[in-house]
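Participant: The structure that follows is given in the form of structure tokens.
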Amino acid sequence: MSVHPCLCRCVSGCLASELSFLLEPTDVTAVRDRPLMLDCRVQGEEPIMITWRKNGSPLPTGPRVRVLANGTLLLQSFQKRREGTDADMGEYDCAAQNRYGMLVSRKAKVHLASLPKFHTHPVSMSVDEGGVARFQCQVNGVPEAKITWERDRVLNACDLSSRSRYTLLPMGILQVTGVRQADAGVFRCVATNIANTRYSNEATLNVTGGAPRTYKEPIILSGPQNLTITVHQTAILECIATGNPRPIVSWSRLDGRSIGVEGIQVLGTGNLMISDVSLQHSGVYVCAANRPGTRMRRTALGRLVVQAPPEFLQWPQSVSKPAGGSAVFTCVAQGVPEPHLIWLKNGKVLMPGHNVKLTNNNR
């Protein structure tokens with residue numbers, strides 16, 4: 001959360017000389033052995049001194065770590081480990097100071113790009129012709145890895161996604177409905193990000209058939225999982241069902257409210273996609289697999305939690321007061337969950353004291 005410090009003023013007419021950020025450092029994922037730059041651009045009366053901190057401590061500069069003339073921090077070669085010192089990962093902030101005071105930027109988290117081994121691999125399965133197959137792989141990449149699928153060692157994700165019976169979900173899930181003999185083969189997923197490319201174990205899809213299919217009650221193979229995302233992102237709730245005859249998948253909210261139609265799309269045979277989510281989309285969603293022409297059904301539930309990053313509704317305004325007078329600064333922010341406000345003075349946390357009072361959750 002970006003919190004601007006309160007800057008004390010005792011000289012009337014100096015407001016035009018106040019420090020303000022043109023560009024603050026932002027969260028970034030760095031690649032090992034490559035350069036990293038963090039922005040810090042400030043306007044105000046010169047001279048302005050820019051310093052950087054890492055994890056709250058002053059950041060020493062040298063041949064490998066430099067502060068450029070415009071305030072930008074340059075790390076010549078980002079390191080995971082360095083002998084006798086900490087790695088370069090951590091929280092960075094910059095401080096700008098002139099004769100009127102000091103301004104401290106937001107904290108920018110710097111992560112190291114990584115792609116470890118898969119912790120979930122696809123599993124071989126045998127499916128009746130006309131049935132449903134589902135494969136899943138999972139890997140914790142930083143940044144999040146792009147998942148594509150191979151069949152028989154051929155990268156054909158584009159071909160797969162163009163087929164109406166194949167559904168690729170972004171969380172490493174491949175669904176195949178109305179399975180045919182031609183779908184049989186060896187599947188594996190490929191994970192790729194800026195750090196590396198990895199391949200999962202292989203899984204075989206065997207397709208059985210020939211005999212007439214008998215009646216089978218509806219079964220939800222995989223229902224929606226609890227999901228927490230941020231406003232304006234896209235939520236995908238999985239629901240894939242099998243049975244004979246093929247069940248009809250429908251969605252509702254547990255609280256009875258309408259899901260609506262704007263931004264709502266069904267992927268494959270029953271996965272629910274909500275584009276550009278808002279806080280109103282938070283709730284428990286119910287996936288139902290109905291046997292056609294009857295009331296027989298199976299259900300699965302998943303909770304969607306939508307969060308909103310903190311934003312300022314009102315922020316402190318600069319004032320000029322005579323010595324011995326009182327100054328009131330107001331700061332109001334909103335977000336989900338409710339943000340916690342911290343006051344800084346000249347870059348240091350401002351604590352309540354004999355002449356400082358914080359009210360209304362530090363506002």
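Participant: Among the residues of region 32-51, write down those that are assigned to a loop (DSSP other than H, G, I, E, B) and touching a strand residue (DSSP E or B) at 6+ places or on another chain (Cβ under 8 Å).
Facilitator: Arg32, Pro35, Asp39, Cys40, Gly44, Glu45, Glu46, Pro47, Ile48
Participant: Can I ask one more? (1) surrounded by fewer than 18 Cβ atoms within 10 Å (Cβ to Cβ); (2) farther than 24 Å from Lys345 by Cα; (3) at pLDDT 95 or above: which one isn't true of Pro63, the others all being true?
Facilitator: Going through the list (1) surrounded by fewer than 18 Cβ atoms within 10 Å (Cβ to Cβ); (2) farther than 24 Å from Lys345 by Cα; (3) at pLDDT 95 or above, Pro63 breaks only (3).
Participant: Quick one: in region 238-260, of everything that is within 15 Å of Ser282 (Cβ to Cβ) and basic (Lys, Arg), which residue is farthest from the chain's Cα centre (by Cα)?
Facilitator: Only one residue tops the list, namely Arg257.
Participant: Out of the residues in region 215-237 that are within 25 Å of the chain's Cα centre (by Cα), touching a residue at least 60 places away in the same chain (Cβ under 8 Å) and more than 20 Å from Ile173 (Cβ to Cβ), which is surrounded by the fewest Cβ atoms within 10 Å (Cβ to Cβ)?
Facilitator: Thr230
Participant: Which of (1) in the same structural domain as Tyr100 (by TED's automatic domain parsing); (2) surrounded by 14 or more Cβ atoms within 10 Å (Cβ to Cβ); (3) not basic (Lys, Arg) is the odd one out, the single condition Leu304 does not satisfy?
Facilitator: (1)
Participant: Listed residues Glu238, Glu217, Glu202; which is at pLDDT 95 or above and farther than 17 Å from Glu150 by Cα?
Facilitator: Matching residue, one of Glu238, Glu217, Glu202: Glu238.
Participant: So, one more: Out of all the residues in region 238-276, which are in contact with a His (Cβ under 8 Å, 6 or more places away or on another chain) and crowded, with 21+ Cβ neighbours inside 10 Å?
Facilitator: Ile274
Participant: Looking at region 66-77, can you tell me whether even one residue there is in the same structural domain as Arg32 (by TED's automatic domain parsing), in contact with a Ser or Thr (Cβ under 9 Å, 6 or more places away or on another chain), assigned to a loop (DSSP other than H, G, I, E, B) and surrounded by 12 or more Cβ atoms within 10 Å (Cβ to Cβ)?
Facilitator: No - not one qualifying residue is present in region 66-77.
Participant: Just checking, which of Glu24, Glu46 is buried (at least 18 other Cβ atoms within 10 Å of the Cβ) and acidic (Asp, Glu)?
Facilitator: Just one listed residue meets the conditions, Glu24.
Participant: Within region 321-333, is even one residue part of a strand (DSSP E or B) and either in contact with a helix residue (DSSP H, G or I) (Cβ under 9 Å, 6 or more places away or on another chain) or in the same structural domain as Gly223 (by TED's automatic domain parsing) (or both)?
Facilitator: No, region 321-333 contains no residue that is part of a strand (DSSP E or B) and either in contact with a helix residue (DSSP H, G or I) (Cβ under 9 Å, 6 or more places away or on another chain) or in the same structural domain as Gly223 (by TED's automatic domain parsing) (or both).
Participant: Can you tell me which of Gln265, Gln225 is farther than 23 Å from Val139 by Cα, polar (S, T, N, Q) and in contact with a Leu (Cβ under 9 Å, 6 or more places away or on another chain)?
Facilitator: Gln265
Participant: If the Cβ limit is 7 Å and pairs must be 6+ apart or interchain, which residue in region 37-59 that is at positive phi pairs with which residue that is not in a loop (DSSP other than H, G, I, E, B)?
Facilitator: Close Cβ pairs (under 7 Å, with a partner that is not in a loop (DSSP other than H, G, I, E, B)) amount to Gly44/Ser17; Gly44/Ser20; Gly44/Asn98; Asn55/Gly90; Asn55/Glu91.
Participant: In region 159-199, which residue that is basic (Lys, Arg) and at pLDDT below 95 is nearest to Gln136 (Cα to Cα)?
Facilitator: Selected residue: Arg165.
Participant: Could you pull out the residue among Arg291, Arg303, Arg295 that is under 29 Å from Gly256 (Cβ atoms), more than 32 Å from the chain's Cα centre (by Cα) and in contact (Cβ under 8 Å) with a residue 40 or more places away in the chain?
Facilitator: Testing whether each residue is under 29 Å from Gly256 (Cβ atoms), more than 32 Å from the chain's Cα centre (by Cα) and in contact (Cβ under 8 Å) with a residue 40 or more places away in the chain leaves just Arg291.
Participant: Being among the aliphatic types (A, V, I, L, M) and in a loop (DSSP other than H, G, I, E, B), is that true of even one residue in region 249-256?
Facilitator: Yes, some residue in region 249-256 is among the aliphatic types (A, V, I, L, M) and in a loop (DSSP other than H, G, I, E, B).
Participant: Another one. Looking at (1) of a type in the set (Lys, Arg); (2) in contact with a strand residue (DSSP E or B) (Cβ under 8 Å, 6 or more places away or on another chain); (3) surrounded by fewer than 15 Cβ atoms within 10 Å (Cβ to Cβ), which is the only condition Arg297 fails?
Facilitator: (3)
Participant: Keeping to region 257-291, report how many residues are of a type outside the set (D, E, K, R) and either farther than 19 Å from Gly223 by Cα or assigned to a loop (DSSP other than H, G, I, E, B) (or both).
Facilitator: Here the count works out to 14.
The values are calculated or read from the model by the stated rules, or taken from the named source; none is laboratory data. Nothing here was measured: the structure is a model prediction, and the numbers come from that model. Methodologically, a virtual Cβ is constructed for each residue, glycine included, from the backbone with ideal geometry; neighbour enumeration extends over all protein chains shown.
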